[in-house]
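First comes the structure, then the notes that go with it.
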Amino acid sequence: MQIDSVSVWGDSIGKCIVFDEARGRYAICRDNYATRLKAGGVAVENHSVMGYTVCQAQLAEKDMRPGGVAAIEFGGNDCDLDWKAVSENPDVYHEARTPMGVFKDTLAGMVKKVRSFDMRAVLVVPPPIDAEKYFAWVSKNLNPKAILKYLGDVQHIYRWQERYALAVAEIGSKLNCTILNLRDAFLVARDFKALLCVDGIHPSEKGHQLIWSEISRLIAGAQA
């Protein structure tokens with residue numbers, strides 16, 4: 001399968017965002033999959049937006065590229081909670097930004113839409129989070145004890161995010177999509193903690209190197 005163009009719809013991972021500790025802010029990783037694909041002669045259109053959920057993605061007809069690859073990467077923001085609300089009221093249930101049923105249906109709809117324009121759908125299973133780092137990050141300036149009361153244990157964050165990653169794999173399997181399983185690649189890495197930024201959720205520069213390695217492996221397999 002020859003790959004000439006790739007269009008990406010996703011969140012900060014698709015946008016290649018890292019947390020720059022030296023400057024204390026988020027920035028685009030300079031050495032990322034998009035720049036490497038372009039260097040290899042592949043046209044890349046990145047429609048990813050930091051903070052986006054699957055429901056915010058805009059798959060406009062003008063952005064469809066028949067014969068091209070459509071990579072869809074969501075889940076990290078979809079599973080997120082309103083941590084301020086959790087901190088203020090840990091005794092009631094708090095729904096994710098995108099409820100699971102809505103997440104699955106919307107993701108499936110995206111696959112069907114790009115296919116209707118003769119694009120090859122690739123679903124990206126998001127990497128795992130580092131629960132301890134992420135808990136410390138989201139509870140800053142809030143009430144960590146209240147948040148922990150709601151969660152029951154810090155690892156609940158990991159399990160909650162895992163459900164959405166598994167849902168991506170499930171939809172990919174049902175719809176016979178190509179799957180880029182970043183979760184598995186991160187989990188088997190011996191330097192797992194070094195693959196994530198201080199916030200526990202965004203891939204670090206090393207993490208983006210691993211992402212490129214997995215993309216290269218997928219492309220090589222497709223062209224074999």
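Among the residues of region 46-78, write down those that are open to solvent by 60 Å² or more (accessible area, probe 1.4 Å) and at pLDDT 95 or above.
Met50, Tyr52, Cys55, Gln56, Glu61, Lys62, Arg65, Pro66
Of the numbered conditions (1) open to solvent by less than 60 Å² (accessible area, probe 1.4 Å); (2) more than 17 Å from Gly172 (Cβ to Cβ), Glu132 satisfies every one except a single condition; which is it?
So Glu132 meets the others, but not (1).
Give the number of residues within region 84-127 that are of a type in the set (Gly, Ala, Ser) and open to solvent by less than 20 Å² (accessible area, probe 1.4 Å).
Total meeting the criteria: 4.
Output the number of the condition that Lys38 fails; it satisfies all remaining conditions of (1) under 26 Å from Leu210 (Cβ atoms); (2) within 15 Å of the chain's Cα centre (by Cα); (3) open to solvent by 70 Å² or more (accessible area, probe 1.4 Å).
Condition (2) is where Lys38 drops out.
So Leu81 passes all but one of these: (1) open to solvent by less than 10 Å² (accessible area, probe 1.4 Å); (2) more than 16 Å from Thr178 (Cα to Cα). Which condition number does it fail?
(1)
Go through region 1-117 and tell me which helices (runs of 4 or more DSSP H), entirely inside it, have 3 or more residues that are touching an Asp or Glu at 6+ places or on another chain (Cβ under 9 Å).
The helices (runs of 4 or more DSSP H) meeting that bar are 100-116.
How do the pairs read when you match residues in region 126-153 that are in contact (Cβ under 8 Å) with a residue 60 or more places away in the chain with residues anywhere that are open to solvent by 30 Å² or more (accessible area, probe 1.4 Å) and of a type in the set (D, E, K, R), using Cβ under 6 Å and keeping only pairs 6 or more apart or on different chains?
The qualifying pairs do not exist here.
Considering only region 146-161, how many residues are assigned to a helix (DSSP H, G or I), more than 15 Å from Ile129 (Cα to Cα) and open to solvent by 40 Å² or more (accessible area, probe 1.4 Å)?
Number of matching residues: 3.
The values are calculated or read from the model by the stated rules, or taken from the named source; none is laboratory data. Note that the coordinates shown come from a computational prediction; the quantities given were computed from them, not determined experimentally. Backbone-built Cβ (ideal geometry, glycine too); neighbour counts: all protein chains shown. Heads up: the accessible areas ignore ligands, DNA and RNA and are worked out on the full protein's heavy atoms, side chains in. Shrake-Rupley method; radii C 1.70, N 1.55, O 1.52, S 1.80 Å.
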